[in-house]
Ligand SMILES: [Zn+2]
Ligand SMILES: [Zn+2]
């Protein structure tokens with residue numbers, strides 16, 4: 001395992017001034033130890049989010065390149081050696097594509113179920129990845145974060161969603177699923193912040209002339225991806241519980257837009273009785289690092305001191 005100190009291991013680029021790490025670290029000192037989430041990037045070109053508690057830093061999925069993850073973490077003031085674990089939802093490259101290179105460099109333990117780990121092991125051959133295999137449905141802990149896992153329907157070996165708990169606050173991750181099963185909705189019902197897939201607008205997908213019918217069918221199938229309307233329904237059903245924030249992610253570039261996704265969700269939860277402003281709706285993008293959100297409270301602090309470089 002290679003341990004990096006604050007700056008020597010971090011390469012500078014036009015997008016990434018060396019001073020950014022120090023500045024971001026200083027900014028972070030203003031926050032009390034709480035439960036935070038920052039989306040490092042979300043979309044079909046790669047998904048990764050940083051979760052921080054008092055005693056743990058965890059990546060949810062590792063689908064950006066290792067270099068991108070390192071650079072975007074630096075924008076958050078986090079050094080790669082400070083990451084305690086990577087949690088994988090499934091083996092698709094937009095969720096796990098950066099993990100092998102990352103692990104060669106930093107030796108971070110990777111938590112996945114056995115079929116997901118096996119699929120990635122087969123693809124990479126001999127690898128030194130430090131696998132921590134869990135059974136789907138099992139609960140476990142990473143330092144002071146309690147993790148619940150549950151099955152979701154998607155065209156992967158054994159895809160899962162996560163619910164993370166720390167200090168009485170809960171963060172749900174529900175991405176890459178063809179439809180929201182009763183089980184999945186039940187598992188994330190108490191989340192204060194939910195990261196949920198809002199992949200496409202159903203009409204735009206049907207009208208899209210660039211995708212062959214078979215691809216559209218796969219996306220719309222019960223093992224494909226969640227539409228804006230389907231995500232909105234999940235969120236509407238969570239009203240009256242703890243929900244403070246919805247983070248919409250994994251947006252299709254061609255068949256969706258941030259405004260369309262956010263408006264579909266806002267309209268739906270408003271008509272379901274949400275008071276104006278009671279649920280914050282944020283759209284995560286591929287290229288930008290999100291603000292650093294406190295899981296159980298409204299508002300967030302921008303961490304993006306420079307635009308992340310293009311993928
Ligand atoms: Zn997938
Ligand atoms: Zn995906």
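Report note on the peptides 218-224, 203-209: ranked by the mean count of other C-beta atoms within 10 Å, highest first, their order is 218-224, 203-209.
Distance from the Cα centroid of the stretch 207-237 to that of the stretch 61-122 is 27 Å (rounded to whole angstrom).
Calculated FRET efficiency, residue 101 to residue 190, Cβ-Cβ distance, R0 = 25 Å: about 0.10 to the nearest 0.05. In terms of packing, defined here as the mean over residues of other Cβ atoms within 10 angstrom, the peptides 34-41, 156-163 line up highest first as 34-41, 156-163. Summary value for the stretch 33-301: 19 percent relative contact order, contacts being C-alpha pairs under 8 angstrom separated by 6+ residues. Extension gain, residue 223 to residue 123: 0.36 nm times the residue separation minus the Cα-Cα distance gives 33.8 nm.
Per the Cα gyration tensor, the stretch 85-232 maps to an equivalent ellipsoid with semi-axes of 27, 21, 12 Å, ordered largest to smallest.
When DSSP beta bridges are restricted to pairs lying wholly in the stretch 54-160, around 35% turn out antiparallel. For the stretch 171-250, averaging the sequence separation of C-alpha pairs within contact (under 8 Å, six or more residues apart) and dividing by the residue count gives a relative contact order of 47 percent. Restricting attention to the stretch 33-301, close to 55% of DSSP beta bridges with both partner residues there are antiparallel. Rounded to the nearest 5, the antiparallel percentage of DSSP beta bridges internal to the stretch 135-229 is 75%.
Between residue 253 and residue 132, the simple label model (points 7 Å from Cα in the Cβ direction) yields a spacing of 3.4 nm.
Computed from the coordinates by the stated procedures, all read-outs in this text should not be read as laboratory data. From a predicted model like this one, the values you see are computed outputs, not experimental measurements. Virtual Cβ from ideal backbone geometry, glycine too; neighbours counted across all protein chains shown.
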